[in-house]
Amino acid sequence: MILIVDFGAQYSQLIARRVREANVYCEIIPYTSSIDKIKEKNPNGIILSGGPASVYAENAPKISHEVFELGVPVLGICYGGQFIAQEFGGKVNRADFREYGKVKLDILSDEGLFKGVNQDTLCWMSHTDYIETAPEGFEITAKSDTCPVGAMKNDEKKIYAVQFHPEVEHTERGREVLNNFLFNICKMPEDWTMGNFAEESVARIKAQVGDKKALCALSGGVDSSVAAVMVHKAIGPNLICVFVDHGLLRKDEGDQVEKVFKEKFNMNLIRVNAGERFLGKLAGVTEPEQKRKIIGEEFIRVFEEEKQKLKSEFGHIDYLVQGTIYPDVIESGTATASVIKSHHNVGGLPEDVDFELLEPLRQLFKDEVRQVGRELGIPEEIVERQPFPGPGLAVRCLGEVTEEKLKIIREADFIFRDEIKKANLQNKIWQYFAALPNIRSVGVMGDERTYSHAIALRAVHSTDGMTSDWARIPYEVLEKVSNRIVNEVDNVNRIMYDITTKPPATIEFE
Ligand code: XMP
């Protein structure tokens, strides 16, 4: 495998995805990892990521010099490259301004990292410091107008550095540069495929679980669905899925989940219709955090009750299946990413000493999870699902959650999704939905004055949900959605389109 040392780069996960797309397995570890931990992983190559710091900063991120003595190739990108320069006695210079954007790169070598890459090519730069002088024993392999050392190498030590970012799309030949590192330099086999992964995982789970039983909380989302189907392939009826329908799902979603898993996969699925129970608990509650808390707690309570019932029916259950995926597991070099995400685990399950956790997707990125889902024969409508929050429509229904308001959101949301699909935009937008901002306004319909709800439409582009931009949906599509909602959904007389980015807004409304 390839090990990526994260120096706090915004692009570390992107580097990892590029490596995986080349069918090579890789993992990300924070720069604070010990050399023993790195040796334990037994990597065939190491990539040192970029990062926002300067090598001259007081607490500049560092990794043990021993990484260069493990006998495996090392590639430093941006900060990673400057770190290499400094470690080996080169000179890193502080520039007065940040160089950011596409830059012409002059390539001075046609082997190693640059085998088969044009001499002139555009690459993406994003740095303040730069390598001014390569260390002794290093050869300069590329340069640009502003960077005398755009890339350098030491073949004997198998150490390589680039100032630009080969992982981003804007670097024209970036994939080739990375692939050259993987295949030409590290001699990696191309054996990381989702077909292999699915097959090996099923075999591993079968061997591990044997004839014991496992329980899975199925939400119908991509991750828990893929995890459940995978474990089901391995242990069949010994997997029991509990699907808690909290009454806050989208139109027909509960029935669809039940149908797919019961009929298509013949799975042991228990659907708990707890809608009334959740609405009862939410009655009169308007404070967003309190709403989330109530839903999270009630979810656990319902699940615990089901678990007790199942224990008397099925006997002891040893495993709990969870759809944890790699971005939830990565310990970032800056540790900021994980903090923002933590509130999303509302509705997650309590740690229970009774269970051993089975998390078959822990190593995978979202796009890989989707691919595994396809390999396992899960229908596209589930595999391609957009993210949906655990507390469901409650976070899109501002103020008190009532059945009447939920009905309006469901219908409006259904129309929005339908029109997005008809316009063939469903795979171009990360997330799109209708929300009810809890404002009523005056309108006129026929000759009558109305005083009805407004609906807010939200559609965003994002890669990980941490930041987002609003989608520039064609006016014609918005027009159709607006017309249909006011005509087909009772009690709505106004449609608004949300044009805020995140930050400062969030994607959801609460
Ligand atoms: P925000 O609203 O924080 O959302 O910008 C970012 C992404 O996370 C999803 N989200 C959740 N997912 N449980 C989840 O599983 C939650 O409580 C939750 N809240 C937000 C949201 O849909 C978006 O994709």
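The values are calculated or read from the model by the stated rules, or taken from the named source; none is laboratory data. All values derive from a computational prediction rather than experimental measurement. Counting neighbours? That spans all protein chains shown, and the Cβs are built from the backbone with ideal geometry, glycine included.
In contact with a Leu (Cβ under 7 Å, 6 or more places away or on another chain) and more than 20 Å from ILE382 (Cβ to Cβ): which single residue out of ILE330, ILE300, ILE325 fits that description?
One residue alone meets the criteria, ILE300.
So that you can scan it fast, the table gives a plain yes or no per residue for (1) without any contact (Cβ under 8 Å) to a residue 40 or more places away in the chain; (2) within 22 Å of the chain's Cα centre (by Cα); (3) on the phi > 0 side of the Ramachandran plot:
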| residue | (1), (2), (3) |
| --- | --- |
| LEU364 | no, yes, no |
| GLN371 | no, yes, no |
| GLU380 | yes, yes, no |
| VAL383 | no, yes, no |
| PRO391 | no, yes, no |
| LEU398 | no, no, no |
| GLU403 | no, no, no |
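Only one of ASP223, ASP318 is among the acidic types (Asp, Glu) and crowded, with 21+ Cβ neighbours inside 10 Å; which?
ASP223
Quick one: PHE433 ticks every box in (1) at pLDDT below 95; (2) crowded, with 20+ Cβ neighbours inside 10 Å; (3) not acidic (Asp, Glu) except a single one, so which number is it?
(1)
Taking into account only those residues within the stretch 468-498 that are in contact with a helix residue (DSSP H, G or I) (Cβ under 8 Å, 6 or more places away or on another chain) and of a type in the set (Asp, Glu), which is nearest to the ligand (Cβ to nearest atom)?
Filtering the stretch 468-498 for residues that are in contact with a helix residue (DSSP H, G or I) (Cβ under 8 Å, 6 or more places away or on another chain) and of a type in the set (Asp, Glu), the one nearest to the ligand (Cβ to nearest atom) comes out as GLU488.
Given the structure, is LEU349 modelled with pLDDT under 85 and within 29 Å of TYR432 (Cβ to Cβ)? Explain how you work it out, then say what you get.
Details: modelled with pLDDT under 85: yes; within 29 Å of TYR432 (Cβ to Cβ): yes.
For LEU349, the condition - modelled with pLDDT under 85 and within 29 Å of TYR432 (Cβ to Cβ) - is met.
Restricting to the stretch 203-228, give me the number of residues that are touching a helix residue (DSSP H, G or I) at 6+ places or on another chain (Cβ under 8 Å), assigned to a helix (DSSP H, G or I) and either aromatic (Phe, Trp, Tyr) or within 16 Å of LYS366 (Cα to Cα) (or both).
Total meeting the criteria: 5.
Return the residue satisfying two criteria in turn: it lies in the stretch 123-145 and is assigned to a loop (DSSP other than H, G, I, E, B) and polar (S, T, N, Q), and of such residues it is modelled with the lowest pLDDT.
If we take residues in the stretch 123-145 being assigned to a loop (DSSP other than H, G, I, E, B) and polar (S, T, N, Q), then THR128 is modelled with the lowest pLDDT.
For ALA198, indicate whether it is surrounded by fewer than 23 Cβ atoms within 10 Å (Cβ to Cβ), in contact (Cβ under 8 Å) with a residue 12 or more places away in the chain and either closer than 17 Å to ILE378 by Cβ or out of contact with any Lys or Arg (no Cβ under 9 Å at 6 or more places or on another chain) (or both).
Here the answer is yes, as ALA198 does meet what is asked.
Taking the residues in the stretch 146-159 that are touching a Phe, Trp or Tyr at 6+ places or on another chain (Cβ under 7 Å) and in a strand (DSSP E or B) as candidates, determine which candidate is surrounded by the most Cβ atoms within 10 Å (Cβ to Cβ).
Here the residue is MET152.
Having 3 or more residues that are within 16 Å of the ligand (Cβ to nearest atom) and in contact with a strand residue (DSSP E or B) (Cβ under 8 Å, 6 or more places away or on another chain) is the bar; report the strands (runs of 3 or more DSSP E) wholly within the stretch 427-467 that clear it. Outline the logic, then answer.
On the way: elements: 431-435, 440-445, 448-461.
Correct list: 431-435, 448-461.
Exactly one condition in (1) exposed (fewer than 14 other Cβ atoms within 10 Å of the Cβ); (2) in contact with a Phe, Trp or Tyr (Cβ under 9 Å, 6 or more places away or on another chain); (3) in a helix (DSSP H, G or I) is false for ASP413; which is it?
(1)
If you go through the stretch 360-386, how many residues are part of a loop (DSSP other than H, G, I, E, B), within 16 Å of the ligand (Cβ to nearest atom) and modelled with pLDDT under 95?
4
Of the conditions (1) aliphatic (A, V, I, L, M); (2) in contact with a strand residue (DSSP E or B) (Cβ under 8 Å, 6 or more places away or on another chain); (3) in a helix (DSSP H, G or I), ILE294 fails just one. Which one is it?
(2)
In this structure, does LEU249 turn out to be within 26 Å of VAL383 (Cα to Cα) and touching a Gly at 6+ places or on another chain (Cβ under 8 Å)?
Yes; evaluated as a whole, the condition is true for this residue.
Return only the number of the condition from (1) within 16 Å of the ligand (Cβ to nearest atom); (2) touching a residue at least 24 places away in the same chain (Cβ under 8 Å); (3) touching a helix residue (DSSP H, G or I) at 6+ places or on another chain (Cβ under 8 Å) that ILE294 does not satisfy.
Only one criterion in (1) within 16 Å of the ligand (Cβ to nearest atom); (2) touching a residue at least 24 places away in the same chain (Cβ under 8 Å); (3) touching a helix residue (DSSP H, G or I) at 6+ places or on another chain (Cβ under 8 Å) is unmet by ILE294, namely (2).
If I ask for residues that are charged (D, E, K, R) and under 14 Å from GLY45 (Cα atoms), which ones from the stretch 157-189 would you list?
Selection gives LYS157, LYS158, LYS187.
Take PHE303 and decide whether it is within 16 Å of the ligand (Cβ to nearest atom), of a type in the set (Phe, Trp, Tyr) and at pLDDT 95 or above.
Criteria not met by PHE303.
Please go through (1) closer than 24 Å to LYS259 by Cβ; (2) in a helix (DSSP H, G or I); (3) within 13 Å of the ligand (Cβ to nearest atom) for PRO389 and return the number of the only condition it doesn't satisfy.
(2)
Testing THR501 on (1) buried (at least 17 other Cβ atoms within 10 Å of the Cβ); (2) β-branched (Val, Ile, Thr); (3) within 16 Å of the ligand (Cβ to nearest atom), one condition comes back false. Which one is that?
Result: THR501 fails condition (1) only.
Just one of VAL257, VAL244 is within 16 Å of the ligand (Cβ to nearest atom), assigned to a helix (DSSP H, G or I) and within 13 Å of SER219 (Cβ to Cβ); which is it?
When all the criteria are applied, what remains is VAL257.
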